[in-house]
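Before any comments, here is the structure.
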Amino acid sequence: MHELGITKNIVAIVTEYAQGKKVNRVLLEIGQLSAIMPESIQFCFDVVSQGTVLASATLEILEIPGLGHCCECGKEFTLEKYVFRCDCGSSKINIVTGEELKIKEIEVEELCV
């Protein structure tokens, strides 16, 4: 399960950016073609974040659908899997979206002094 290693890296990156402040929310974008299972990331996050500034943080995951662009006819279309063939018959496809793994937003708690 490579999601455990990925989640450890996410927690490490967010911890570094939080600079000791409590993290309330993290928003991830995960592409549907990325071979990363959002449910596994969520499970691992709950375990890995314990004892860190992310311990009580909410993890939100936005799944990004696969989108391809045909180099022959110029059509853009949804990609469900890594089987790329346009309606025109071409297999010359560029992936536009769907392979992402991004930390999109981090919400930290600000203390008023």
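Things to note:
- Taking Lys and Arg as +1 and Asp and Glu as -1, the other residues whose beta-carbon sits under 15 Å from that of S34 total -4.
- Among G68, G31, G89, residue whose mean-square fluctuation peaks in a GNM of the chain (springs only between Cα atoms under 10 Å): G89
- Measuring r between the beta carbons of F43 and K92 and using R0 = 41 Å, the FRET efficiency lands at 0.60.
- Taking the helices alone, the chain has a mean residue ellipticity at 222 nm of -7500 deg cm²/dmol, built from -39,500 (n - 2.57) per DSSP H run of at least 4 residues and averaged over all its residues.
- Bridges between two residues of the chain, per DSSP, are antiparallel at a rate of about 70%.
- Once the Cα atoms are used to define both axes, helix 3-18 deviates from the longest principal axis of the chain by about 60 degrees.
- The long axis of helix 38-48 is offset from the longest Cα principal axis of the chain by roughly 20 degrees.
- Point-charge dipole on Cβ atoms (K/R +1, D/E -1) for the chain, about Cα centre, debye to 20: 200
We did not get these values from a lab; they are worked out from the coordinates using the rules stated. As the structure is a computational prediction, the values presented were derived from the model and not from experiment. Glycine gets a Cβ as well: all are built from the backbone with ideal geometry, and neighbour counts include every protein chain shown.
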